[in-house]
């Protein structure tokens, strides 16, 4: 048997005792996702199995009922920055050892760890896609590996607590998890900005366009039934300048103009539809996901096939217009069997000043995200501040009866849909059912930004 347990140090000093965290905000990192499987030939005569359980004493009961008592050891050591300059990259090297214990004579033969999944997150965030670590083999024997095993993290935020854990994926398909360890970075280092947190929105159906006036229906209707047949994640904030600027810094793009109002956590603006999907693809890469769009702006599957089916798109993307309105109405948190509990005029309430920055309270400029009341899902600024790009081309709704996961027409002359209202609009224009569009997807406008979504693929 082989198993691990760990203690954590920073500059050779203990950091803190292990502590379990569980919170509901996703965390996104630069991820090198490698999925491959080892095909090893030769003798597998040694009776080892890797176990990753952090505890003082671990009892492993094998499939035939015999038990082995183990006190495994994992040693975790962090590397400090080269210096404490604020522009110095801060990384940590996480390491662990899987030490052999007394083999159990009744254990299955030939079981070994194929690879490890390393999960890393800020302490109060969800774990996201894992990093994959392939153990080095000793003498070509898959049951023997070099020690210790290590993983070099991406850039970390300074003065920030992190958590991490490991899963050993065995050759027989079983997965053995570790407990969690925590550590805290020092004052040196380049801050790695975390993307906007996201909330999960369950499937359901609703009346799209409900609330439009008669004159509005003529060019924004008709009202129709929409079924959202997927579960998806949506950013609870509009993408901010901080987040978009990090994308520009890494890709060499010119940063959008802030009109002299300030950057930081204000929603990014002066970005085209093409800029928005480029950010989505970049962020997908940082997360280890396949891109959502090809060079022509089509949605694509992980294999690169063009699709109109959002359930087949794995990467970060813009919401469809239907996904946007469903979320603005409260989604699965407010709509039950197609009936809205609250039926608000604006996203999150009927008093526009409570939920939005608009003509009467914005000071004629954008404001930092998340300062007004959220809607039922905990999403902010879906009314006011900046209008938000959607995937769809704009046109009168063409659907009759109910439609599932609509993505709009194949093309259009009026440009791409924008939703949500702008900081200088009147209340009537800020209703959550109100539709708008930009005549050209290449237009950059100071009233337009975006937020991100991602399909949850089971």
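How high is the FRET efficiency between residue 174 and residue 398 when r is their beta carbon distance and R₀ equals 51 Å, given to the nearest 0.05?
It comes to 0.50.
For a quick protection proxy, order the peptides 406-417, 271-282, 428-439 by their average other-Cβ count within 10 Å, most packed first.
271-282, 428-439, 406-417
Using a simple spin-label model with points 7 Å from Cα along the Cα→Cβ vector, what separation in nm is obtained for residue 426 and residue 265?
3.3 nm
Determine, for 418, 301, 366, the number of other Cβ atoms within 10 Å of each Cβ, and report the residues in order from fewest to most.
Ascending number of Cβ neighbours within 10 Å: 301, 418, 366.
Fully extended, how many nm does the chain gain between residue 203 and residue 298 (0.36 nm per residue separation, minus their Cα-Cα distance)?
Gain on extension, residue 203 to residue 298, equals 31.8 nm.
First obtain the Kirkwood hydrodynamic radius of the stretch 198-455 from its Cα pairs, then insert it into the Stokes-Einstein equation at 10 °C and 1.306 mPa s, and state the resulting D in µm² per second as a whole number.
In µm²/s, the coefficient rounds to 88.
Obtain the nm distance between the two label points defined at residue 257 and residue 343 by a simple spin-label model: each point lies 7 Å from its Cα along the Cα-to-C-beta direction.
Distance between the two pseudo-spin positions: 4.5 nm.
Suppose a student asked you for the relative contact order of the stretch 327-440, using Cα pairs under 8 Å spaced at least 6 residues apart; what percent would you report?
27 percent
Modelling each spin label as a point 7 Å along the Cα-to-Cβ direction, I'd like the residue 308/residue 250 distance in nm, to one decimal.
For the pair residue 308/residue 250, the computed spacing is 3.3 nm.
Which order, highest average first, do 316-329, 229-242 follow once you tally other Cβ atoms within 10 Å for each residue and take the mean per peptide?
In descending order of packing, they fall as 316-329, 229-242.
Over the Cα atoms of the stretch 256-309, compute the convex hull volume and normalise it per residue, giving Å³.
Once divided by residue count, the hull of the stretch 256-309 is 95 Å³.
None of the figures in this text is laboratory data; all of them are computed from the coordinates on show. The shown structure was predicted, so the numbers you read here are calculated from the model rather than taken from an experiment. FYI the Cβ positions are ideal-geometry reconstructions off the backbone, even for glycines, and counts take in every protein chain you see.
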